[in-house]
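Chemist: Please see the structure below; I have some questions.
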Amino acid sequence: EFSSSITSVVDVEQKVEALLKQMTLEEKIGQMNQYSGFWDLTGPAPTGGNAAKKYEHLRKGYVGSMLNLRGVENVRKIQKIAIEETRLGIPLIIGFDVIHGYETLSPIPLAESASWDLEAIKKSAEVAAEEAAAAGINWTFAPMVDISRDARWGRVMEGAGEDPYLGSKIAIARVQGFQGSDLSQHTTLAACAKHFAGYGFSESGREYNTVDVGTSTLNNIIFPPFQASIDAGVRTFMNSFNELNGIPATGNRYLQRDILKNKWKFDGFVVSDWGSIEEMTAHGHAKDNKHAAEIAANAGSDMDMESYAYVNELAALVREGNVNEAYIDDAARRILRVKFELGLFEDPYKYCDEQREKEIIGQQAFHDASLDMAKKSIVLLKNKNQLLPLKKQGQKIALIGALASDKTSPLGNWRIAAKDNTAVSVLEGMQAYTGNQLTYAKGADVSLGKTQFTEELKINTTDRSEFPKALAVAKTADVVVMVLGEVGYQSGEGRSRTELGLPGVQQDLLEAIYEVNKNIVLVLNNGRPLVLNWHNEHIPAIVEAWQLGTQSGNAIAQVLYGDYNPSGKLPMSFPRAVGQIPIYYNYKNTGRPTLPAPGRVFWSHYQDVENTPLYSFGYGLSYTSFEYTNLQAEVLSDKEVSVSVMLKNTGKFTGKEVVQLYI
Ligand code: NOJ
């Protein structure tokens, strides 16, 4: 869609071919090399070690892309080297993990998916693209379209949940949002469908673990959102860290050549995941880095992210006849094609406008979009006796939980350019409603650590010294609002868990409060489904509020006070027990699917927990009620059936309902 006319496609192809002809083998391989630019570019240029080597390679034209480089001044400085100091002046493509926003953050992708609102999701990606593009970036490593049925895996926060159908629709919305209708605009980014493939099926939910799935799961569950991304015009793919059915995805020719490039006719390029070429040695699949480069290049990985394998080894491998030069040409061609489409050859600095950077980033319209998306992402899980919405006047409200005043956790794990403490907290959001008496007590912290790159986060606090203060506040309140869940970095990459309860002493805190006041609204902030049996049994109102980004507290307050009637539906099943995982709605029947007679043993079930999830995929309540009547199906052709239903709001609130049809 972005190549608006055939002539322009032909034009790009001709330019790519003309350029390829001028390039040496090393320069072509250079296009296939991506470095991270994670150093202080505004200070003196670093010397020694890898950093110095990177500059040297950059000047020789041995770098095709940089990631982790942002800000107009920084990007311009590096781009200038590529343009002015290399022999051919080929511009760099600048990638970054713009996952759910740049500085103004939207909800984490799993939360956005709970909106089932494709227009809003597309808009959120558009905003992310516009803001990031104003900071010099032109390529995002998103959307992650890995289907997952395993809440133990920390990266479920980054995907669209368990369903290949919803996941495909959301993949399309995100790709279209990031890329817009014209990739050469300075407000759009090239998108990247990742991680190809199977990463969401890591055995036992353990990060980076082996994946072994059959053809049915691969074709019917894992592939569809990737195919949908191609239909939407996605320009890049990222392969994945995991082994798939015996071969690491990065070295997997079946995935990258047979399926992606040949069968699906993908003409963009594939970037490796960080170090995933080199990691094939640890997998036991390659002897060393050189062997890994050979396997990856032959398998169709076009760009090496931070393995230093292509830049150091590929030329020799070609000369020795172990990698066909046609594969190098093919990879360079694909990368150059996307650079032309981005308009980087016309103007390599088109994303580098200081004035625009100042004006665009953090603008009010982005905050409005983020708030809108955040409200739509909230799922009401329980609301006994209509405890919610809260009254706006005359109530004594106790607000409890460290996450209630946390201005960082709502930013989630992929916070990119958002600074710590920039999210609106629940406390702040609720303080904007002044008709009630609001008292806050922390009760307990969640974990000891707060940073992304340390392991402290898994050490949850055992400190109960603040319990008494919280109990005192709760005792005299009409309603207690408790904000509990995971710290922002407790889900995401590298954050697998075997238990899915509330981390730390939060459960103890909740149960202690429940002893003194049962009128509790539990607001959950988390990046994955949790096990909530006790909560479902005892707590009258439960609100799933995920990690909602910059406007988190405002969105939650508006829902609690009824200014927005929750409309979200779960994109992933919430199990009753970790032992049920993998659990998902579109399971196959067994030969013994149902209880044949009371007390019988030999049917497909557990002794201790029922088969169903606690809250299923597609579940979510509203302050109002809906009635469905008059379901009709009409066969339109041998391929189309039209289905309609009358939907009536039978309650007292204006509301929005996601009508779902399962076949
Ligand atoms: C590793 C992650 O798996 C991938 O999703 C991300 O894009 C890269 N790191 C770059 O940050």
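Chemist: List pairs: first in the stretch 550-562 and closer than 24 Å to residue 413 by Cα, second of a type in the set (S, T, N, Q), Cβ under 6 Å, 6+ apart or cross-chain?
Modeler: Sorted first by the residue in the stretch 550-562, then by its partner, the pairs are 550/104; 550/370; 551/370; 553/425.
Chemist: Right, next: Would you pick out the residues in the stretch 382-426 that are in a helix (DSSP H, G or I), farther than 29 Å from residue 468 by Cβ and aliphatic (A, V, I, L, M)?
Modeler: 411
Chemist: Which numbered condition trips up residue 306, out of (1) under 14 Å from residue 34 (Cβ atoms); (2) more than 25 Å from the chain's Cα centre (by Cα); (3) surrounded by fewer than 24 Cβ atoms within 10 Å (Cβ to Cβ)?
Modeler: The failed condition is (2).
Chemist: Another question, if that's okay. Looking at the stretch 148-163 only, could you name the residues that are part of a loop (DSSP other than H, G, I, E, B) and either within 14 Å of the ligand (Cβ to nearest atom) or of a type outside the set (A, V, I, L, M) (or both)?
Modeler: Quick first cut of the stretch 148-163, residues part of a loop (DSSP other than H, G, I, E, B) only: 148-153, 159-163.
Answer for the stretch 148-163, where residues must be part of a loop (DSSP other than H, G, I, E, B) and either within 14 Å of the ligand (Cβ to nearest atom) or of a type outside the set (A, V, I, L, M) (or both): 148, 149, 150, 152, 153, 159, 161, 162, 163.
Chemist: Oh, and also: When you go through 265, 290 one by one, which is the residue that is more than 16 Å from the ligand (Cβ to nearest atom), at pLDDT 95 or above and part of a loop (DSSP other than H, G, I, E, B)?
Modeler: On the way: 290 fails: part of a loop (DSSP other than H, G, I, E, B).
From the options 265, 290, the qualifying one is 265.
Chemist: Answer yes or no: is there a residue in the stretch 57-80 that is within 15 Å of the ligand (Cβ to nearest atom) and aromatic (Phe, Trp, Tyr).
Modeler: Initially, the stretch 57-80 is screened for residues within 15 Å of the ligand (Cβ to nearest atom), giving 65-70.
Right, trim to aromatic (Phe, Trp, Tyr) and you get none.
No; the residues of the stretch 57-80 include none that is within 15 Å of the ligand (Cβ to nearest atom) and aromatic (Phe, Trp, Tyr).
Chemist: If a residue has to be away from the ligand (no atom under 15 Å from the Cβ), surrounded by 24 or more Cβ atoms within 10 Å (Cβ to Cβ) and not β-branched (Val, Ile, Thr) to count, how many in the stretch 202-224 make the cut?
Modeler: Within the stretch 202-224, residues that are away from the ligand (no atom under 15 Å from the Cβ), surrounded by 24 or more Cβ atoms within 10 Å (Cβ to Cβ) and not β-branched (Val, Ile, Thr) number 1.
Chemist: State all residues of the stretch 226-242 that are outside any loop (DSSP other than H, G, I, E, B) and either in contact with a Lys or Arg (Cβ under 9 Å, 6 or more places away or on another chain) or within 15 Å of the ligand (Cβ to nearest atom) (or both); if no residue qualifies, say none.
Modeler: Keep residues of the stretch 226-242 that are outside any loop (DSSP other than H, G, I, E, B), which gives 226-231, 236-239.
Of everything in the stretch 226-242, those that are outside any loop (DSSP other than H, G, I, E, B) and either in contact with a Lys or Arg (Cβ under 9 Å, 6 or more places away or on another chain) or within 15 Å of the ligand (Cβ to nearest atom) (or both) turn out to be 226, 228, 229, 230, 236, 237, 238, 239.
Chemist: Under the condition of being buried (at least 24 other Cβ atoms within 10 Å of the Cβ) and away from the ligand (no atom under 16 Å from the Cβ), which residue from the stretch 174-187 is nearest to residue 303 (Cα to Cα)? Give the derivation first.
Modeler: Filtering the stretch 174-187 for residues buried (at least 24 other Cβ atoms within 10 Å of the Cβ) gives 174-175, 177-179.
Narrowing the set further to residues that are away from the ligand (no atom under 16 Å from the Cβ) leaves 177, 179.
Working: 177: 24, 179: 20 Å.
This residue is 179.
Chemist: Return the total of residues in the stretch 164-173 being within 13 Å of the chain's Cα centre (by Cα) and more than 16 Å from the ligand (Cβ to nearest atom).
Modeler: If we filter the stretch 164-173 for residues that are within 13 Å of the chain's Cα centre (by Cα), which is where we start, we get 167, 170-171.
With the extra rule that they be more than 16 Å from the ligand (Cβ to nearest atom), the set shrinks to 167, 170.
Final tally of qualifying residues: 2.
Chemist: Can you tell me which residue is nearest to residue 529 (Cα to Cα) among those in the stretch 474-508 that are among the hydrophobic types (A, V, I, L, M, F, W, C) and surrounded by fewer than 22 Cβ atoms within 10 Å (Cβ to Cβ)?
Modeler: First pass over the stretch 474-508, keeping only residues among the hydrophobic types (A, V, I, L, M, F, W, C): 474, 477, 479-484, 487, 500, 502, 505.
Filter again for surrounded by fewer than 22 Cβ atoms within 10 Å (Cβ to Cβ), leaving 500, 505.
On the way: 500: 8, 505: 19 Å.
Checked the stretch 474-508; the qualifying residue nearest to residue 529 (Cα to Cα) is 500.
The values are calculated or read from the model by the stated rules, or taken from the named source; none is laboratory data. The structure presented is a predicted model; accordingly, all values stated were derived computationally and were not measured. Every residue, glycine among them, receives a Cβ derived from its backbone with ideal geometry; neighbour counts consider all protein chains shown.
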